[in-house]
There are 2 protein chains.
Amino acid sequence: MIFLRISNLFPRAAHVNYQSFRRFTKISALIESKPVGNHIKVQGWIKSKRKMKALTFIDVADGSTAEKLQVALPKNILPQFDVGASVKIDGTVQTFGSKGQIEILADNVEVIGSCNHNDGYPFAPKSTYSMEYVRQHLQFRPRTNLFSSVLRIRSCASNAFRDHLCKQGFYEVNTPILTSFDCEGGGEVFSVKPDSKNLLKTMAKTGVSEDEAFFDSKTYLTVSGQMHLESAVRGLGQVYTFGPTFRAENSKSRLHLAEFNMLETEEVLSSSSIEPVLSTIESMLRNVTQRILDSTQADLECIRKVQIHQKTSGADVLEYEVEPLNEEGIKNTFLSNDPYTVMSYKEAFDILSRSKTNFKVRPAFEDGLSKEHELYLVKHNSNRPIFVVDWPAHLKAFYMKRSKDNSTVAAVDLLVPVVGELCGGSVREDNVELLSSVLKERGLEEKMSWYVDLRRFGNVTTGGFGMGYERYLQCLLNIPNIKDVIPYPRWPHNCQM
Amino acid sequence: MIFLRISNLFPRAAHVNYQSFRRFTKISALIESKPVGNHIKVQGWIKSKRKMKALTFIDVADGSTAEKLQVALPKNILPQFDVGASVKIDGTVQTFGSKGQIEILADNVEVIGSCNHNDGYPFAPKSTYSMEYVRQHLQFRPRTNLFSSVLRIRSCASNAFRDHLCKQGFYEVNTPILTSFDCEGGGEVFSVKPDSKNLLKTMAKTGVSEDEAFFDSKTYLTVSGQMHLESAVRGLGQVYTFGPTFRAENSKSRLHLAEFNMLETEEVLSSSSIEPVLSTIESMLRNVTQRILDSTQADLECIRKVQIHQKTSGADVLEYEVEPLNEEGIKNTFLSNDPYTVMSYKEAFDILSRSKTNFKVRPAFEDGLSKEHELYLVKHNSNRPIFVVDWPAHLKAFYMKRSKDNSTVAAVDLLVPVVGELCGGSVREDNVELLSSVLKERGLEEKMSWYVDLRRFGNVTTGGFGMGYERYLQCLLNIPNIKDVIPYPRWPHNCQM
């Protein structure tokens, strides 16, 4: 055994205290603990500047919270700082105002990185910009008030969804991004191959086209992890996947992206009823929304303020108008004492048929619900969610459980404000013969034989749903365009950064 | 306002109690609460069967835990069940044995899905298979004892990493899978385009090649989210991403996949020292590993047993031999009282040079460390982790912070048993002129101008690391091949399902 000589580059304590390596205090911790009288160091970005008679004030953010830290600069510190510049501040914590808020009386302010708007920084101080303008400067967007709050809420919501599902007994299973099948046969898929032609040449086998040489088959980006979950659920009982999903659609809609995130569950059921799937969805949305309301107050308030400002200043001219978010609205939608409404597709269609509204597209039983119809139904349900169940089989995917008379399937769409369809789910067809014949019709018998095999051995009935994660955030935050709730949006003709 | 008629398909209580919709009890809950004397229903898969004189016993699993539920079948129940079949069991909870374990005395057992091995189910009762054989039946793999435990530990570990980072103040930022740049210029990337030629024709603009018509640029699968994190960290201060990453390498190694998962962090630093990055890594690995040991005992024990069985039965002939996992080994590696070893690249190289070992490749200062060298260093550090720091600049990426004399960069590799390099990190170059000139040399000045812009306005020094998630699991569980710790592995010539 050779004993290594250990260098003394960084002599450290046996138990590493992570925080001891931070040389500055986080603003979230300062606001929480209010260490009045303490001398502290803070590092952050200047968000605004106000000159008063005796002092100049700057508001500083470090990303840890939506709240800004007020810093008072005595006259000996020249207030030559740009809004947007990063600074290190030394000073003493003191209180101000009737609510006992804290501020820093600065001893010293050091500029780390200046921010000169004349050099091309796209956001000028004291200006309001439209969401679309901000979106054109993606690399800087996380620095804006509204979007940094969106990102913090995104992170909190993602944790809340995972935490809730974990507590309900669901295991996370990472379904693959690369697949050799085009799940629902919609054709709107991206295909993938190595960029290097040389690599493909090296790897080519006889009988396999060069484009397919890497995997020996065509390879696509996933449109759903459901079928992989159907494999995993037969080992684990309750599973979910939560990650990126892709559609190669030429859509300019405010609700579609080429890359978005989807939460999908699958669980063993004790019958062919879709009821437990509805419960899984409803208990999840209630629990997660409550947790977000409890833990992201400052961020929700920040978004509300910017939205009001955008509305009054006319910065945003929107294709789809929504009111600024408010807590009562969120509670009304997701946390009402009444259970979420359940109606059959037939009932939903009858309501639309009887309506005197001048729809752009008249409802037709054979055609399903358009976005306009979905939003109409929700609006006239006091903006509360609606589970639409018992769908005509021809409107839904081949793997959904047929009713005995073959006319409907055990499927559900959950409709909510702002976005319409938020979740889609079903009980899966568990009849081997029926499933085999459907796959045969589609010429998928061989390719999907593994999917049928799942049901040939130790079969159980399962069901689950998929939820567009960005759509949940849109609905929660009253943000009309999906591009404004995802960090780096990809859509037709746009793949910035 | 129209009031919707609400259907009575599923009359429900105002507050949905998710568990009330489950018609059966989970085995994990049974073992936890031990409701002796209660009549219960269980649904699961038969894992084994033993005929005794008076009774037949079956062991049943439902995926909720690695522990099996023993079910005693009185003589009136004919024990004609296949191992692997799914069953519903009605019975009464009773205790047996000296430790007060519980079992079910069955009133009734109903087969839901049979499992006939003669029809082609690949796993026979009472047989041990090699990891490689099991891997060839991916759709059934989650049903095996070892792999269902791997999946449950994976899910626990993923939650533990996220939870730890959240508590340390890191926000999750979903960096995109689709990017318009080839991050480190390695060339080993996958390219992406819509599968539909018609769509590309419809979308083509003049001056853009048809292949690039969807996004108006070449598009790749991400090899790292780091550069996007560098944008987000300048709004949020501490960020991470945790998701799929891709390499188009023709590698048959036991450590590489075409699609794997990476955890990457980025945080604002107060200096150019890499010290805080080391602390972030070490505190994370300690905390997460402790949590896994605390909460997945039954799964760890199950993996250990199967590994011992595989070793003694000779089912697995491995390219790289490891001992079956054991808790002491895990503690020794990740939880030792001593801080993780830190040494410079120069020191590591000197140890290798002085060694009398007959390396396949002789260590050369200019060439960096091979896998063999990495594993040698760790083995001779009592299987404890080693941070290798102060790397020669030419061995590392262009964006890493240069030392004053330009010879080394503030970079780190963390070496561990089984896999060698587990994490790679650095402080990022924050000098605009230096970075611009490097990008200019590489002809990336225009394409990466956004990356330089991050530093032109309100700049701060940042640093972070990337960790291969599957490699962590390999090291933790002593599993030599990366394909055996990911649900649906993708590697050259293999994209099953």
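Read-outs: derived from the displayed coordinates by stated rules, not from any lab. Please read these numbers as outputs of a predicted model, since none were measured by experiment. Note that we place each Cβ from the backbone using ideal geometry, even for glycine, and neighbour counts take in every protein chain shown.
Observations on the model:
- Among beta bridges from DSSP that stay inside the stretch A:27-127, the antiparallel ones total about 90%.
- When +1 charges are put on Lys and Arg Cβ atoms and -1 charges on Asp and Glu Cβ atoms, the dipole computed for the stretch B:141-240 relative to its Cα centre reaches about 580 debye.
- Gyration tensor verdict on the stretch A:240-386 (Cα atoms; rounded if a/c is under 1.5, prolate if a/b is larger than b/c, oblate otherwise): rounded
- Cβ-based charge dipole, chain A, positive-most Cα from A:I308, A:G100, A:T206: A:G100
- For chain A, the relative contact order is 13 percent, taking Cα pairs closer than 8 Å that sit 6 or more residues apart in sequence and dividing their mean separation by the residue count.
- Counts of other chain beta carbons within 10 angstrom of each beta carbon in peptide B:236-243 average 5.
- Legend: mean number of C-beta atoms from other chains within 10 angstrom of residue C-beta atoms, peptide A:53-66, equals 2.
- Surface/4 of the Cα convex hull for the stretch A:27-127, nm²: 6.8
- In nanometres and ascending order, the distances from the A:P79 label point to those of the other copies are 8.6 (point 7 Å from Cα along Cα→Cβ).
- Rounded if a/c under 1.5, otherwise prolate or oblate - the stretch B:142-298, Cα gyration tensor axes: oblate
- Summary for B:S272: label point 7 Å along Cα→Cβ; distances to the equivalent points in the other copies, ascending, 7.0 nm.
- Ordering of B:225-233, A:350-358 by burial proxy (mean other Cβ atoms within 10 Å per residue, highest first): B:225-233, A:350-358
- Given B:K331/B:K379; A:K167/B:K88; A:K218/B:K371; B:K305/B:K371; A:K49/A:K311, the pairs whose alpha carbons are separated by over 27 Å: A:K218/B:K371; B:K305/B:K371
- Dipole magnitude of the protein assembly as shown about its Cα centre (Cβ charges: Lys, Arg +1; Asp, Glu -1), debye to nearest 20: 1260
- Per-residue ellipticity at 222 nm computed for the protein assembly as shown from its helices equals -9000 deg cm²/dmol, with DSSP H segments shorter than 4 residues left out and the rest contributing -39,500 (n - 2.57).
- Rounded to 5, percent antiparallel among DSSP beta bridges of the protein assembly as shown: 90
- Mean Cβ neighbour count within 10 Å, used as a protection proxy, ranking B:480-493, A:434-447 highest first: B:480-493, A:434-447
- Taking every C-alpha pair closer than 8 Å and separated by at least 6 residues, the mean separation divided by the residue count of the stretch B:182-302 gives a relative contact order of 20 percent.
- Within the straight-line cut-off of under 17 Å between alpha carbons, the aspartates and glutamates reachable from A:K201 are A:E210, A:D211, A:E212, A:D216, B:E188, B:E249, sequence neighbours fewer than 8 places apart in one chain being disregarded.
- Cross-link reach list, lysines versus A:K53, counting only Cα pairs under 18 Å and skipping chain neighbours closer than eight places: A:K75
- Electrostatic bookkeeping for A:K311 treats Lys and Arg as +1 and Asp and Glu as -1; over the other residues with beta carbon under 14 Å from its beta carbon, the sum is -1.
- Environment charge at A:T219 (Cβ cut-off 9 Å; Lys +1, Arg +1, Asp -1, Glu -1): +2
- Inter-chain shielding of A:135-142 (mean C-beta neighbours from other protein chains, 10 Å cut-off): 5
- Length-normalised contact order of the stretch A:393-479 in % [C-alpha pairs under 8 Å, at least 6 apart]: 29
- Antiparallel %, DSSP beta bridges [both residues in chain A], to 5: 90
- Among residues other than B:F140 with Cβ under 9 Å from its Cβ, the summed charge is +2 (Lys and Arg +1, Asp and Glu -1).
- Förster radius 51 Å - calculated FRET efficiency between A:I40 and B:K41, Cβ distance, rounded to 0.05: 0.30
- Rounded if a/c under 1.5, otherwise prolate or oblate - chain A, Cα gyration tensor axes: prolate
- Of the trypsin sites (Lys or Arg not before Pro) found in the stretch A:21-99, those that fall in a DSSP loop while having at most 15 other beta-carbon atoms within 10 Å are A:R23, A:K53, A:K75, A:K99.
- Hypothetical label at B:N332: residues of the stretch B:455-494 whose amide nitrogen lies under 15 Å (7 Å Cα-Cβ projection): B:476-478
- For the peptides B:115-123, B:237-245, the ranking by packing is B:237-245, B:115-123, with the highest mean count of neighbouring Cβ atoms within 10 Å listed first.
- Radius of gyration and Dmax over the Cα atoms of the protein assembly as shown, both given in Å: 29.3, 97
- Whole-angstrom gap from the stretch B:68-124 to the stretch A:444-464, using each part's C-alpha centre: 23
- Cβ-derived FRET efficiency at R0 60 Å, A:R354 paired with B:K346, nearest 0.05: 0.15
- Using a 7 Å Cα-to-Cβ projection, A:M52 label spacings across copies, nm, ascending: 8.2
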